[in-house]
Structures are given as structure tokens and as C-alpha cells.
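First the structure, in the form of C-alpha cells, and then the observations on it.
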Amino acid sequence: MSKFTNWKSWSGKISNPFSNTSAYIDKIIKPQVDKAAEDKIKAIHERLPVPVFWLLGKTQSGKSSIIRTLTGSSAAEIGNGFKPCTRTAMLFDFPDAETAFLRFLDTRGLSEKGYDASEDMKWCEQQAHLVIVVIKAMDHQQESVLSALKQVHKAHPKWPIIVAQTALHEGYPGRAMAHIQPYPFADGRISESVPADLRCSLLKQREYFAGIAATFVPLDFTLPEDDYAPADYGLDALWDAIELVLPLGLRAMLEGHIGAINDVYWQAAHPHIIGYAISAGLAAAIPVPAASLGTVVAIQSKLFHSIAHVYGLPLTKQSIREIISAVGMGVLAGMGGRELLKLIPAYGQTVALSVAGVYTAAVTYALGKTLCFYFSKTQQGKALQADKLREVFNAEFARGGELLRNSIKKQV
Ligand SMILES: Nc1nc2c(ncn2[C@@H]2O[C@H](COP(=O)(O)OP(=O)(O)OP(=O)(O)O)[C@@H](O)[C@H]2O)c(=O)[nH]1
Ligand SMILES: [Mg+2]
């Protein structure tokens, strides 16, 4: 059994910082989010080295389609979400600037002659990152992309590089041809079943990258009107390549559909829950006076309000009271982690803080999911049973701990 799960059983031994449920509910409903609290939350978020995927490719090569397919965001959300960050690059924070746990950099300057990657590179230097080169499978005019990549690779030979070879069907002999199943490009190979022209083109493109250790992932992320199935052909291979070089568990964090219910609201709320849960966990885990239980609760308040916004339902005292009384005040007691330090000094401060951080992140994640479940049943006009809420909370607590432990532990 993991340490953090153990700690759940100790939480009953910790003195409860909330004299009664009402104290917690008041803080959630009417957050005292002043400038100081906002600054603390911001400082915590800045400590999180959000991974940056640097998409390096010509215009119309399929960069935004990759973001759309990895994150489940719509084209409009991506279009509106991009904000300039350097003179030549735009940044897309997922799910949004406040809760981002994944960022995409799109180098628009590549279309300009004589593009110099140094400024964008400098911006990237502070972050964990991955370069995804995006080239259409049948497009061989790649000088601008290659010269930028060489510049990046020379300065940072250790940065992992994935080359996405997109729009595969443009290399099929005719419209009648369907995607080849099973996926014929596993482990960098190109099987005999791939049409000769496409095969030739993919191999030729790979030659351009001689001397650069890159992983090649052929894919075809089509629109519904293109009428190809599946619309995310090659997605598994792309995730495999990403997780191999950046083992952060991002895929599991992004795939929000696993859970007690599966609807559009649940999906939309999921990445925000992840983002806030990481922030809350860090607030408990970072050993600075700035972070405290008050900060954790302020973050949870933001989370609850943002879920209510997603569902278009009011956040009432009644709703939070029902959830808290179903899951028990005991679970809230362990948040923040200061008590833990007193209780188990034998672990040493670092381990204790890390356990407290994962616990707090898991509780925050589970509270968010339980609220989603609550709202979803409310929408359907269904009666809510306390034992069902508790069941959802417990299942999501375990899942949240698994999903978020690496993100938190890396920071402590
Ligand atoms: N069939 C197919 N179409 C794709 C693929 N990737 C992108 N497209 C299409 O190509 C067009 C451009 O794709 P985007 O993802 O917007 O390309 P982009 O690189 O973000 O383009 P800019 O933002 O203009 O630089 C869109 O119509 C996409 O639907 C792919 O893998 N397969
Ligand atoms: Mg784009």
C-alpha cells in the first residue's frame, strides 16, 4: 500500500482545522480571495514547470490539429486560446492560463524568411519540453523547418524530438483507400502494406533528419467531413512516443472520460480539476510559509466555482454540505499537511511534505469529481444518495492519487 493511502487512515487522528462543516463551506462559497491570496496561488503555479510542447512546422502542416486531438479542445478554443509570448511565437495554455498543466508553443515566425529560433529557444529554456516537428507526409519543401530544428538541436542536443508526418491519406492512391489496420508504422517501421508513393515519401523525409535522433510518428488527424476512420489515426503511437521521452503520465491526466459518468460537462471540467488539484497539492507540499491550508481552500473554492460554471448550475451551501457530510469532515482535516509534520516526524520533512501534497491533490481531485457527479445527477433530476457520493469520492480519491503523485513528488 502506498504511503499516501496509508495517510488517509491517519487523517482521523489529526485535529480538524475546521471547527464545523460550516466554516469550510463559508470559505468555499465566499472565498476571501484578496491580492495576497492570489499572489500565493500564482507563486505556487509558477513553481510548477509546466511541460511545453514546441510545435515546429509550416503553416497548415497540422500543428493545431495535434493540439486538438491530444487535448480534446475544439478548433475555436485553440484559435482563441493562443496568446503571443515572443515576437515570433504563440502560446496555448491547457486548459487555461490559470490551471495550465500543459502548454503548446506554435512558432509562427517559421513562415518568415530567415527565421531565428534563438528568442523562442530562450523562452523554452526554463521549461520541461519536447519538440514536435510537424510535416505533411507528402510535402518536401521543409528547408525553413529543418534549419530552425538544426539551430535548436545544436544548442540543445538533449531535447527530445518527435517528427509527426501528417495527413497520410494525401499519399494514398485514391479516395477509396481506407487507413491500414493494424497501424503499419509501429516502432518506426513502415510495413509492406503501405502504398509505395507514401512509403517512399516518408522514407525520403526521414533522410532529412540524418544525424538528429528523432522519433517518427506517421499520423492522420482528420475532420469528420474527411470521412476517414478513425479520425485520430496514429494517436496511440504519438502518445507512446511522448510518454517515452516525457514520462509524466500526461495521457492519463488528459483522458478525462474514465469515471463514474461520462458527459460533455464531465469532460470539460476534467482538465480544470487536474490543474487545480496539482496547485492545491503543491500548496500543501511546498515548505514555505506562503503555502497554507488557507491557500489550499482558496484553490478548492476556485475549483468548485469553475465546475459550477461548466455545469451552468449555482454553487449552493446545500450542495457542498451534502458532499462534505457524505465523504466526512475527516478527509478535509488532513489537507495542508502541517499537522502531518507533527504526527510523523520519523519520515523526515521532505517525505512528509510530499505525502501531504499528494494527499491534498487527491482530496481536491476527488472533491471536484464528486461535485461533477452531484451536478450531473441534479441536472437529470435524480435523487442523490450519500453512499453513492461517498463511493464516487473514494474511487476518485484513489485515481487522483495515482494520476497526480508524480507531478507533486517531482516538485518537493
Ligand atoms: N487529413 C488530414 N488533415 C489534416 C491533418 N492535420 C491537419 N489537417 C488539416 O489541415 C489543415 C491545417 O491544419 P492545422 O492543424 O490548422 O494546421 P496548422 O499547422 O495549425 O496551421 P496554421 O495555424 O495555419 O499554422 C486543416 O484543414 C486540418 O483539418 C492530418 O493529419 N490529416
Ligand atoms: Mg494552427
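The values are calculated or read from the model by the stated rules, or taken from the named source; none is laboratory data. Values in this document were obtained by computation on a predicted structure and should not be read as measured data. A quick note on method: Cβ atoms are made from the backbone with ideal geometry, for glycine too, and the neighbour counts reach across all protein chains shown.
Every residue in the range 336-371 that is at pLDDT below 80 and either on the phi > 0 side of the Ramachandran plot or touching a His at 6+ places or on another chain (Cβ under 9 Å) (or both), please.
Kept after step one, since they are at pLDDT below 80, are these residues of the range 336-371: 336-353.
Selection gives G336, G337, G348.
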Exactly one of F209, F216 is within 16 Å of ligand 1 (Cβ to nearest atom), under 17 Å from V145 (Cβ atoms) and more than 21 Å from the chain's Cα centre (by Cα), and that residue is F216
Do we have any residue at all in the range 120-136 that's part of a loop (DSSP other than H, G, I, E, B), within 16 Å of ligand 2 (Cβ to nearest atom) and surrounded by fewer than 19 Cβ atoms within 10 Å (Cβ to Cβ)?
-> no
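With the requirement that a residue be farther than 26 Å from A277 by Cβ and in a loop (DSSP other than H, G, I, E, B), what does the range 99-119 give you?
Of all residues in the range 99-119, those farther than 26 Å from A277 by Cβ come to 106-119.
E112, K113, G114, Y115, D116, A117 - these are the residues of the range 99-119 that are farther than 26 Å from A277 by Cβ and in a loop (DSSP other than H, G, I, E, B).
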What is the residue count in the range 34-63 for residues that are surrounded by fewer than 16 Cβ atoms within 10 Å (Cβ to Cβ) and away from ligand 2 (no atom under 16 Å from the Cβ)?
-> 9
Among the residues of the range 139-167, count how many are over 16 Å from T107 (Cα atoms) and either in contact with a Lys or Arg (Cβ under 9 Å, 6 or more places away or on another chain) or free of Cβ contacts under 8 Å to residues at least 40 places away in the same chain (or both).
-> 12
One residue from I66, I78 being in contact (Cβ under 8 Å) with a residue 12 or more places away in the chain, under 12 Å from V134 (Cα atoms) and within 12 Å of ligand 2 (Cβ to nearest atom) | I66
Scan the range 160-171 and give yes if some residue there is surrounded by 15 or more Cβ atoms within 10 Å (Cβ to Cβ), modelled with pLDDT under 95 and not in a helix (DSSP H, G or I), otherwise no.
-> no
State all residues of the range 38-66 that are at pLDDT below 85 and among the β-branched types (V, I, T); if no residue qualifies, say none.
-> I41, I44
So, of the residues in the range 32-64 that are of a type in the set (D, E, K, R) and in contact with a helix residue (DSSP H, G or I) (Cβ under 8 Å, 6 or more places away or on another chain), which turns out to be farthest from ligand 1 (Cβ to nearest atom)?
-> K40
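Does A333 count as modelled with pLDDT of 80 or more and of a type in the set (G, A, S)? Full working, then the answer.
On the way: modelled with pLDDT of 80 or more: no; of a type in the set (G, A, S): yes.
Judged against the criteria, A333 is not a match.
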Taking the options I78, I67, name whichever one is within 12 Å of ligand 1 (Cβ to nearest atom), buried (at least 22 other Cβ atoms within 10 Å of the Cβ) and outside any loop (DSSP other than H, G, I, E, B).
-> I67
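When you look at Q60, is it assigned to a loop (DSSP other than H, G, I, E, B) and more than 26 Å from P157 (Cα to Cα), yes or no? Give the steps one after another, and end with the answer.
Numbers: assigned to a loop (DSSP other than H, G, I, E, B): yes; more than 26 Å from P157 (Cα to Cα): yes.
Answer is yes for this residue.
Give me the residue from the range 382-401 that is among the aliphatic types (A, V, I, L, M) and in a loop (DSSP other than H, G, I, E, B) and, out of that set, farthest from H45 (Cα to Cα).
To start, the set of residues in the range 382-401 that are among the aliphatic types (A, V, I, L, M) comprises 383-384, 386, 389, 392, 395, 398.
Those left that are additionally in a loop (DSSP other than H, G, I, E, B): 383-384.
Values: A383: 38, L384: 35 Å.
If we take residues in the range 382-401 being among the aliphatic types (A, V, I, L, M) and in a loop (DSSP other than H, G, I, E, B), then A383 is farthest from H45 (Cα to Cα).
Quick one: which residue in A214, A231, A241 is more than 25 Å from R175 (Cβ to Cβ), modelled with pLDDT of 95 or more and touching a Ser or Thr at 6+ places or on another chain (Cβ under 9 Å)? Explain how you work it out, then say what you get.
Numbers: A214 fails: touching a Ser or Thr at 6+ places or on another chain (Cβ under 9 Å); A231 fails: more than 25 Å from R175 (Cβ to Cβ).
None of the other options fit; the residue is A241.
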Do we find a residue being modelled with pLDDT of 95 or more and either in the same structural domain as G401 (by TED's automatic domain parsing) or aromatic (F, W, Y) (or both) anywhere in the range 177-198?
-> yes
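Restricting to the range 81-95, name every residue that is within 13 Å of ligand 1 (Cβ to nearest atom) and touching a Gly at 6+ places or on another chain (Cβ under 8 Å). Quick ask: steps written out before the conclusion?
Our first condition is that a residue be within 13 Å of ligand 1 (Cβ to nearest atom); within the range 81-95, this holds for 81-82, 88-90, 92.
If the condition is that a residue be within 13 Å of ligand 1 (Cβ to nearest atom) and touching a Gly at 6+ places or on another chain (Cβ under 8 Å), then T88, A89, F92 are the ones that fit.
Looking at L146, L48, can you tell me which residue is within 26 Å of R251 (Cα to Cα) and among the hydrophobic types (A, V, I, L, M, F, W, C)?
On the way: L146 fails: within 26 Å of R251 (Cα to Cα).
Answer to the check: L48.
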